[in-house]
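Below is one structure, written out as structure tokens; the observations come after it.
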Amino acid sequence: MTSFNKILVVLSLVLFFCSCADKGVIKVKNVEEFNVAVKNALPGDVIQMANGVWKNTELKFDAKGTAENPIQLVVEERGKVKLEGQSRINISGEHLIVNGLVFTNGHTPASEVISFKKKKGVYANNCRVTECVIDNYNPIERMESTYWVSLYGKNNRVDHCYLVDKRNKGVTMAVRMVDEACRENNHRIDHNYFGYRQNLGANGGETLRIGTSHYSLSTSATQVDSNYFESCDGEHEIISNKSCGNQFIDNTFYECRGTLTYRHGNDNVSKGNFFIGNNKEYTGGIRIINKRNKAINNYFSDLKGYRFRGSLVIMNGVPNSAINRYHQVDGGVFANNTFVNCDHIQLCSGSDEERSAVPINSVIENNVFYHDNSDNIFTVFDDISGIEFKKNIIGKNLKNIDNKLTVTNLKVIENEFGFKIPQVEEGIGSTLVKPAATADNTGVSWYPKAKGEMQFNTGKTIEVKAGVNTLFDAIVTSQTGDVIVLSESGDYVMDKMMELTHPITIKSATKEIKPVIKSSKAEMFLIANGGGLKLQGIEINGAESPDYAGNSMVSTSHYSMNCNYKFLMEDCQVTDLDVNHSFDFLKVYKNTMADSILIRNCQFSNITGNIMLLNKEKDDLGIYNAEYVVIENSEFKDVKGSVLNLYRGGTDESTFGPALKIDGCVLSNVGFGKRNKTGSAIYTHGVQVNNISNLKIDNSHYLDLYMTNGEPITNLTNIEINNSKGFKYNNQSFTANGVKVNGSVF
Ligand code: CA
């Protein structure tokens, strides 16, 4: 902290205590005392919550302050008052300030944690929530919907809050416009730190939503400024704007997989925002739909997203659109923006039979597009004659759009803040030199920053010798990121199920040492909520396993997991899963989600069940069991079930995956067990990015690809199928190079 800031803090503390001394501080130690204090509160009063954990606490802060003398709810010491278990706060009345609350270690008993509403029709106006924290305050059911902050009423402000690790369905913050008393609300949402939000893998993972489609032609007039969004990866709408007259100013979007989406509503503007992708997959910028929406003087860098997650996406609309579909872009203005190393600008995106209304009366003006390693960043899906192009500049290496853009020899300099700025004539492109909102000037200073996603190999090393339950004992005492090293060859036999509640690695000490893990439990490893598993250089053998139909070697929790998990396996052998007729290798359950599953350099043989069925989301709502599945340089021999069934059903367009890569694999005698319900050796359904290469299939069931939803990408390269059922597909929207099926070139 600079000395100037220190003086400011001291000054503000002095002022704070002076005002307290004048008006009287009412100290409360429990809800009963809080209720009495609220009931008697007069303008200027300060209600102070005592240090400690307030468990299962429902605060109803219903009072009337004045503009000059608001009523405040504060804490004895910041960071030392925690609302845990099933707690929440409802704010209603006038001129109230809530400052310093922390919600953690639990979840709301209702649908909202911080609500600017007492009950239907009774709202907060002119109130403020500042320096509050909500940290991993989630129900275990990932598809149970909760909101963390819901703004109702008018003229409310939420600022300097730290909101991190939302895992279940439901937006992190919502501006609700349910009746007249909540419209033209002039709320301000500023200087908040929206921390990481894991991939929900379903609609409902937005970080901020303003309005809903139903009221989207009403004005909200909410100002969203100076906020920092980090890794907000819930779905492809980071912000879902669904109302009119909102402003998005000076926000920073750091490594967020999605876009600021003008989903519904007109006359919205975004200015001075930074979108920094750092080449993370699916990072995007702004997506435009509807009338007179603007994006001016924004800076976009290293964004990789395509289609609805492009860096600039101008959509096609639906003629005479229903209010919940897509209104035509009309009168859009996209000016003075700078795009540096952003892979995709998408015009007329979403063009199809239904979305046939192309953008009209719109202008793209004074923008700069620079890319130093791609020559083709523009995709035009339909007629762009309704967009006027004026004075835009592109680098020499970039493919033009019908000569509409001015080609210039652009040079890029890195400015003193580390941002790449293409050198162009004055007045063109963004004038921004650094983001206004940073991790340091948003959120709170007194709460520790969260760590982000789980990591393997970050803890200590634990050595384990062969024997009975030696590995089990090591797992019980292990901690997050630990590496358990099996230090000698021989059998590691478990008669207890190994439940993993945090990520761990289990590996052989050297290449020469050959540890074999056996288990007499129906499930060898169970990845519980928060757990993850990495296996390296070991053999897993089914010889000691019990004869329970449907047993497995690796399983997820049988119940909902609100933490995504990772399962990685390299240089391993899996043999003799054959003590009964349906012994699976990996078994997952509904309401679980893998960020990634990776199998590399492994050999599987003599297995009566399936290697992995990732097909437990059968509701066809665009939900699926794994985001990335990678199978490389591996062999599958004598498998009665299927090697892979990866399923994502439905037409929802909110999610990104799954993405599959199969490379360098050999299948022989796979899929002919009479219990193989999939009827294939490999089946994929609705996979969004499907790359299969260098695959050999002998004496096996079908390779069966069902391509659906959006614009799935399927590339097949060097595939040889012999003496097998063959290759099945529902349409020809794939590329095939060197694909040979039972003797004939495809
Ligand atoms: Ca959405």
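Summary of values
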{"item": "Any hit, region 446-454, residues being outside the structural domain of residue 253 (by TED's automatic domain parsing), under 30 Å from residue 485 (Cα atoms), open to solvent by 30 Å² or more (accessible area, probe 1.4 Å) and among the hydrophobic types (A, V, I, L, M, F, W, C)", "result": "yes"}
{"item": "Test for residue 598: is it open to solvent by 10 Å² or more (accessible area, probe 1.4 Å), in the same structural domain as residue 712 (by TED's automatic domain parsing), at pLDDT 95 or above and among the hydrophobic types (A, V, I, L, M, F, W, C)", "result": "yes"}
{"item": "Scan of region 414-431 for residues that are assigned to a loop (DSSP other than H, G, I, E, B), more than 18 Å from residue 391 (Cα to Cα) and within 31 Å of the chain's Cα centre (by Cα), ordered by number", "result": "415, 417, 418, 419"}
{"item": "When residues of region 611-664 are limited to those that are more than 16 Å from the ligand (Cβ to nearest atom), among the small types (Gly, Ala, Ser) and under 21 Å from residue 205 (Cβ atoms), the one surrounded by the most Cβ atoms within 10 Å (Cβ to Cβ)", "result": "626"}
{"item": "Scan of region 669-688 for residues that are surrounded by fewer than 17 Cβ atoms within 10 Å (Cβ to Cβ) and touching a strand residue (DSSP E or B) at 6+ places or on another chain (Cβ under 8 Å), ordered by number", "result": "679"}
{"item": "Set 507, 496, 465: member being modelled with pLDDT of 95 or more, touching an Asp or Glu at 6+ places or on another chain (Cβ under 6 Å) and not small (Gly, Ala, Ser)", "result": "465"}
{"item": "Residues of region 188-199 classified as free of Cβ contacts under 8 Å to residues at least 60 places away in the same chain and buried (at least 24 other Cβ atoms within 10 Å of the Cβ), total", "result": "3"}
{"item": "Filtered residues of region 540-595 (kept if of a type in the set (Phe, Trp, Tyr) and open to solvent by 40 Å² or more (accessible area, probe 1.4 Å))", "result": "548, 559, 589"}
{"item": "Tally of residues being within 18 Å of residue 128 (Cβ to Cβ), of a type in the set (Asp, Glu) and within 16 Å of the ligand (Cβ to nearest atom) across region 186-210", "result": "0"}
{"item": "Wholly enclosed strands (runs of 3 or more DSSP E) of region 86-172 bearing at least 2 residues of a type in the set (A, V, I, L, M) and closer than 18 Å to residue 185 by Cα", "result": "96-99, 122-125, 147-151"}
{"item": "Search result, residues across region 604-639 that are within 23 Å of residue 691 (Cβ to Cβ), part of a strand (DSSP E or B) and over 20 Å from the mean Cα position of the chain (by Cα)", "result": "604, 612, 613, 631, 632, 635, 636, 639"}
{"item": "Counted residues, region 208-225 - those being open to solvent by less than 40 Å² (accessible area, probe 1.4 Å), in contact with a Ser or Thr (Cβ under 8 Å, 6 or more places away or on another chain) and either under 19 Å from residue 321 (Cα atoms) or not assigned by TED's automatic domain parsing to the domain that holds residue 169 (or both)", "result": "3"}
{"item": "Test set (1) touching a Lys or Arg at 6+ places or on another chain (Cβ under 9 Å); (2) in contact (Cβ under 8 Å) with a residue 40 or more places away in the chain; (3) open to solvent by 40 Å² or more (accessible area, probe 1.4 Å); (4) within 13 Å of residue 153 (Cβ to Cβ) - residue 60 fails condition number", "result": "(4)"}
{"item": "Region 503-522: number of residues that are of a type in the set (Ser, Thr, Tyr) and in contact (Cβ under 8 Å) with a residue 60 or more places away in the chain", "result": "0"}
{"item": "Test: residue in region 248-261 that is crowded, with 24+ Cβ neighbours inside 10 Å, of a type in the set (S, T, N, Q), within 13 Å of the ligand (Cβ to nearest atom) and farther than 22 Å from residue 124 by Cβ", "result": "yes"}
{"item": "Options 238, 314, 296, 286: the member that is of a type in the set (A, V, I, L, M), within 14 Å of the ligand (Cβ to nearest atom) and at pLDDT 95 or above", "result": "238"}
{"item": "Verdict on residue 81 being open to solvent by less than 20 Å² (accessible area, probe 1.4 Å), on the phi < 0 side of the Ramachandran plot and touching a Lys or Arg at 6+ places or on another chain (Cβ under 8 Å)", "result": "no"}
{"item": "Strands (runs of 3 or more DSSP E) contained entirely in region 651-719, each with at least 1 residues that are among the basic types (Lys, Arg)", "result": "659-670, 689-698"}
{"item": "Residue selected from region 211-230 under the condition of a type outside the set (Val, Ile, Thr) and farther than 18 Å from residue 190 by Cα, by the criterion nearest to the ligand (Cβ to nearest atom)", "result": "213"}
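The values are calculated or read from the model by the stated rules, or taken from the named source; none is laboratory data. Please read all numbers here as calculations on a predicted model, not as lab measurements. Virtual Cβ from ideal backbone geometry, glycine too; neighbours counted across all protein chains shown. What goes into the accessible areas is simple: the full protein's heavy atoms, side chains included, and nothing from ligands, DNA or RNA. Shrake-Rupley method; radii C 1.70, N 1.55, O 1.52, S 1.80 Å.
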